[in-house]
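Participant: To start, I am sharing the structure in question, which I have written as structure tokens.
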Amino acid sequence: MRKFYFLLLTVLSLAACSDDDEAGFVRTPELEAGIERLNADVLQFKKFDAAVSELQLSDAVVAEENIRLTFDDGSVVVVPQKAAAESFVTLATAESGERCWAVRTASGVVMLTDGEGRTCGVSKDKIPHFDIDKSGFWTVNFSVALSSEEQAVRILDAQGQPVEAKGNEMCAIIRTAMVGDGEVKVTFDDGSVVSLQLSKFVSLSEGGTSNCYVVSQPGDYRFTATVRGNGMETSGVTATIEEKESLTADWLWCDKEGLLSDVKYSKGYISFTAAEQKGNAVVALFDGDKVVWSWHIWFTDTPEEVTYPNGTVFLDRNLGAVGITANGTDAYGLYYQWGRKDPFYGGATTETSADAFKLARENTIVNPRYASLDWLMVKDHGATLDEAAAAPTSFFSYTGREGRDWQVQPSKNDLWGERKTMYDPCPKGYRIPDVEDWCDLEKGNRYVSGVSRWDADTDRMVCTFGGVETWYPAQGSRNAANGNLVGLGKTRTGNYWACGNQAGKAEFLYFKKPISSSSGEINRSLVAERALGYNVRCVKEK
């Protein structure tokens, strides 16, 4: 019996030491942290490689140990830079000229391969994941299941021997980076050099996209043009615009000659040059002659924010207003049909039904290349979402079950909401308000003493909160049936869309001169036909 136990112990002892002395290797917390850091740096370089091939570089900061690159979509990549001798993960060039993942070993640089002996290019989708096996040797895994030991392959040096881990290996593929003369010159660990041009454009879509961008200074600008609105899928319409070689960009209309120029589409972005003027313009993405999507460029001083007692933060001006002069038309904003992102130009006087959009035609410039997209009243026709997006200057009107609408029946109820949608016309960070956001302005359909009042001299509603005065012009509306401007004569009304809707109609804020009427002088409980053209006062997203 004793002999049997002795033999058993001997076998167990030999088995414990048979796998390359794996019992002598210990994975310490420090080693785990080193492996994690190495893989994090590999991922950062992968992001760097992907970004420089798809995005425009907007800023670069070179520190002693890393380079921080900011791209015009707002993404930031921080990549280590070290002397060549300090880099474990590096690059090597295959016979095809492709730059591939590699490691530096004591016997030389070797390209990494998968379990079938295939190299992997840096620009491929696969990313190497490094680990250390139970015997203390480096492994690499190019599979999707990065943590699967079955997919890991030991890294062999130039002599075919496994590479022993020291625990302090680094990924420092960038050797040096230098910024100057509008470019960043990057020297890779393999000695190759690339020059990255710094963008001259200010990115309007950094940190988020929208249907409206505010431009307050002259200069060169660009924004992401492969996303509809804020990118929030609405009514089943995908937010992504597929990039195609046939896509182009141009301005559609503007209210000032030379307001913007040099509108171009390239690699998913629309760029333009802004002049030193205030006004409004619409730029569009075209596929052939069809408008795929369009964006409102709002040239105005940076709007101020006003916080109401209920905590809601409003902008200090109407959407599209280029100023806040108390008795000036610069404070007049643009008009919108409920649920549409597209702005309609207005004017300072009432129009007849026969002269609908006369003032728009006289006071705006429509790009002569797209004469068919001039201001147009489309009667007795309900538009689909795609048709409306393709005709941003057409004012649709159709008699539906619940009155005048611009949509085909049954119409969509989620185009605007308390949560910002793809079709919301407000700038980045702002949305269409809810009627409750105006609760401080009225009580019992009347102005609130000391808070809200009618200013008869300037036809506006003035609000005062904590000594801060803000106001709303009584700018009338566009008639639902004919599209003409009304309410800009002796009888003045203010009409401002809210995001809510009821039984096929939409909520809004209504106010007028204080006179005896069943509707009162200011009202948040009315609903209106969605084909109407009302103003918009945006609130900050919560």
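Participant: In Å, what Rg and Dmax follow from the Cα atoms of region 492-542?
Facilitator: In Å, with Rg to one decimal and Dmax whole: 11.7, 37.
Participant: Decide, for region 424-525, between rounded, prolate and oblate: order the square roots of the alpha carbon gyration tensor eigenvalues as a ≥ b ≥ c, take rounded if a/c falls under 1.5, and otherwise choose prolate if a/b is larger than b/c, else oblate.
Facilitator: rounded
Participant: Report the net charge of residues surrounding VAL202, where surrounding means a beta-carbon distance below 10 angstrom and charges are Lys +1, Arg +1, Asp -1, Glu -1.
Facilitator: Neighbourhood net charge equals -1.
Participant: Let me ask something else. Rounded to the nearest 0.05, what FRET efficiency do THR240 and ALA275 give with R0 = 30 Å and r taken as the Cβ-Cβ distance? Could you check?
Facilitator: Efficiency, from the Cβ-Cβ distance: 0.40.
Participant: Equivalent-ellipsoid semi-axes (√(5λ), Cα gyration tensor) for region 323-389, whole Å, largest first?
Facilitator: 23, 15, 14
Participant: Length gain on complete extension for the stretch THR464 to ARG361, per 0.36 nm per residue less the alpha carbon to alpha carbon distance? Don't skip to the end; give the middle numbers.
Facilitator: On the way: separation 103, 0.36 × 103 = 37.08 nm, distance 3.67 nm.
33.4 nm is the gain from fully extending THR464 to ARG361.
Participant: Taking the alpha-carbon distance from LYS200 and a cut-off under 24 Å, which lysines remain once sequence neighbours fewer than 8 residues away in the same chain are dropped?
Facilitator: Within the straight-line cut-off, LYS200 pairs with LYS47, LYS185, LYS264, LYS267, LYS278, LYS428.
Participant: Could you give the accessible area per residue of the chain, probe 1.4 Å, as a whole number in Å²?
Facilitator: 46
Participant: Sticking with this one: Show that you can apply the helix-only estimate: for the chain, add -39,500 (n - 2.57) for every DSSP H stretch of four or more residues, divide by all residues, and state [θ] at 222 nm to the nearest 500.
Facilitator: Per the formula, -3000 deg cm²/dmol.
Participant: Sticking with the crude label model, points 7 Å out along Cα→Cβ, report the distance from VAL61 to ALA83 in nm, one decimal please.
Facilitator: 2.7
Participant: Rounded to the nearest 10 degrees, what's the angle between the helix 29-54 long axis and the longest principal axis of the chain, both from Cα atoms, 0 to 90?
Facilitator: Long axis of 29-54 versus the principal axis of the chain: about 50 degrees.
Participant: May I pose another question? log₁₀ I(q)/I(0) of region 262-350 at q = 0.11, 0.23 Å⁻¹, via Debye over equal Cα point scatterers, no solvent, to two decimals?
Facilitator: Each listed q maps to, in turn, -0.42, -1.24.
Participant: If you don't mind, another one. Over region 336-424, what percent of the accessible surface lies on carbon and sulfur atoms, probe 1.4 Å?
Facilitator: Numbers: 1870 of 3850 Å².
Carbon and sulfur atoms account for 49 percent of the accessible area of region 336-424.
Participant: With a/c under 1.5 counting as rounded, go ahead and sort region 362-431 into rounded, prolate or oblate using the C-alpha gyration tensor (a ≥ b ≥ c being the square roots of the eigenvalues; past the cut-off, prolate if a/b is larger than b/c, else oblate).
Facilitator: oblate
Participant: By how many nm would the segment from GLU95 to THR329 grow when fully extended, if each residue of separation counts as 0.36 nm and the alpha-carbon distance is taken off? Could you put the intermediate results ahead of the total?
Facilitator: Working: separation 234, 0.36 × 234 = 84.24 nm, distance 6.81 nm.
Using 0.36 nm per residue and subtracting the Cα-Cα distance, I get 77.4 nm.
Participant: Taking just the alpha-carbon atoms of the chain, what radius of gyration and Dmax come out, in angstrom?
Facilitator: 31.7, 116
Participant: Same structure, new question: Which is the longest part of the chain that has none of the GluC sites (Glu not before Pro) sitting in a DSSP loop with at most 12 other Cβ atoms within 10 Å?
Facilitator: Longest site-free region, per DSSP loop and neighbour criteria: 305-542.
Participant: Give me the orientation-averaged projected area of the Cα convex hull of region 448-506, in nm², one decimal.
Facilitator: Result: a mean projected hull area of 5.8 nm².
The values are calculated or read from the model by the stated rules, or taken from the named source; none is laboratory data. Keep in mind that what you see is a predicted model, and the values were worked out from it rather than measured. In this analysis, Cβ positions are derived from the backbone assuming ideal geometry, glycine residues included, and neighbour counts consider all displayed protein chains. Just the protein is used for accessible areas: all its heavy atoms, side chains included, with ligands, DNA and RNA removed. Shrake-Rupley method; radii C 1.70, N 1.55, O 1.52, S 1.80 Å.
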